[in-house]
1. Quick query: amide H of Ala78 versus all other amide H atoms, modeled in the peptide plane; which residues come in under 5 Å with a sequence gap of 5 or more or a different chain?
2. Send over the Kirkwood Rh of the chain, from the inverse of the averaged 1/r over different Cα pairs, rounded to one decimal Å.
3. In deg cm²/dmol and to the nearest 500, what is the mean residue ellipticity at 222 nm of the chain if only DSSP H runs of at least 4 residues count, each as -39500 (n - 2.57), divided by the residue total?
4. Distance between the C-alpha centers of the range 46-79 and the range 135-197? Whole Å please.
5. Hey, what did the range 38-188 get for relative contact order, percent, Cα under 8 Å, at least 6 apart?
6. Near Lys209, which aspartates and glutamates are there with a Cα under 13 Å away, not counting those fewer than 8 places off in the same chain?
7. When only DSSP loop residues count, what GluC sites (Glu not before Pro) in the range 1-51 have their Cβ near at most 15 other Cβ atoms within 10 Å?
8. For the range 127-277, what is the Kirkwood estimate of the hydrodynamic radius, computed as the reciprocal of the mean inverse distance between distinct Cα atoms, to one decimal in Å?
Amino acid sequence: MNETALTVQQTARPHGFPSADHFAFVESPLPEPAAGSALVENLYWSVDPYHREMMDDVPGGFALDAPLEGRTIGRVIASRTPRLAEGEIVFHRQGWRTHAVVGPEEIRRLPRFDGVPLTAYLSVLGGTGLTAYVGLTRVARLQGGEDLFVSGAAGGVGTATGRFAGLLGAGRLVGSTGSAAKAGHLTREVGYDAVFDYHEGPAADLLGKAAPDGIDAFVDNVGGDQLAAAVGALREFGRIVRVGTISQYNTPGAPSPRIDHAAVVEKSIRMEGFLVSNYRALQEELYDFAVPHLQSGRLALDETVVDGFERIVDAFLGMLRGDNTGKIIVRDHTQAHL
């Protein structure tokens with residue numbers, strides 16, 4: 001067992017795109033669990049777009065010079081409570097550190113399904129997959145045969161949304177992404193019918209070519225011009241699912257797009273945002289939906305795995321630049337066999 005622990009702390013507020021200089025790795029003695037708690041050695045970490053929002057001076061955001069939080073999976077290595085056995089694999093939210101002291105109420109035990117790797121609990125079976133599932137089934141209320149547009153389609157939520165939509169019987173599936181290589185992956189591997197590189201022209205023109213007959217629903221991970229374009233492309237009674245606004249996280253002063261608000265009324269469009277934390281009761285339903293498809297091979301994992309906790313900041317910044325395809329996960333390279 002290592003005798004020291006590492007945590008990542010934010011040292012300054014970024015203005016625009018963050019850099020490695022906004023973070024510090026801090027070494028400390030291995031924490032001792034108090035009575036009623038346990039020490040967990042973290043094995044897998046999730047870095048997510050919402051972490052960029054939390055870097056700003058906002059309610060509930062990251063405190064400076066303190067360990068950050070994030071979804072993680074670890075193994076109990078020392079316990080002072082009968083409710084957590086040594087050797088157990090648990091999910092908790094004290095990420096961005098090699099070790100964490102947790103109480104039984106702070107963890108979630110992970111069911112182990114044959115053929116399903118642990119990384120799935122941070123991608124399609126975790127908050128990323130739950131976001132996609134809620135967006136499609138509860139907010140968009142997608143019906144079989146309906147046409148769907150997904151922005152940020154090559155990210156974790158975008159790839160999960162595309163795969164889930166196919167399993168739910170969607171009609172034409174259109175996506176946007178940041179490179180021709182990603183567009184090719186999405187059409188070849190994920191099941192999208194058409195994908196455009198948003199760098200190649202005005203979003204409204206690109207979406208019009210990819211979905212000439214319009215769309216019924218839009219899952220929006222990006223905001224900006226693509227949101228405005230989707231309003232124009234939506235049919236009567238269209239739905240917009242607002243998941244994120246990654247196009248504006250690093251450019252807070254950028255002007256907002258000109259949305260045709262009259263079209264929202266005339267086409268009876270509904271736009272709804274949501275926080276996945278309000279839908280945690282659907283976790284078991286997500287397992288029931290996704291696990292059989294994972295086991296049969298109809299649902300594949302779209303993951304970019306980065307080895308080594310020391311690369312967690314690089315992985316986070318790379319995700320913000322769009323370097324990843326699918327969910328980006330950091331793995332302790334000494335535990336890669338799990």
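1. Hits under the 5 Å cutoff: Leu39.
2. 20.8 Å
3. -6500 deg cm²/dmol
4. Cα centroid to Cα centroid, the span is 28 Å.
5. The normalised contact order for the range 38-188 reaches 18 percent.
6. Partners within reach: Asp193, Asp197, Glu200.
7. Glu3
8. Roughly 14.9 Å, rounded to one decimal.
No lab work stands behind these numbers, since they all come straight from the coordinates. Source: prediction; values computed, not measured. Cβ sites come from the backbone with ideal geometry, for glycine too, and all protein chains shown count toward neighbours.
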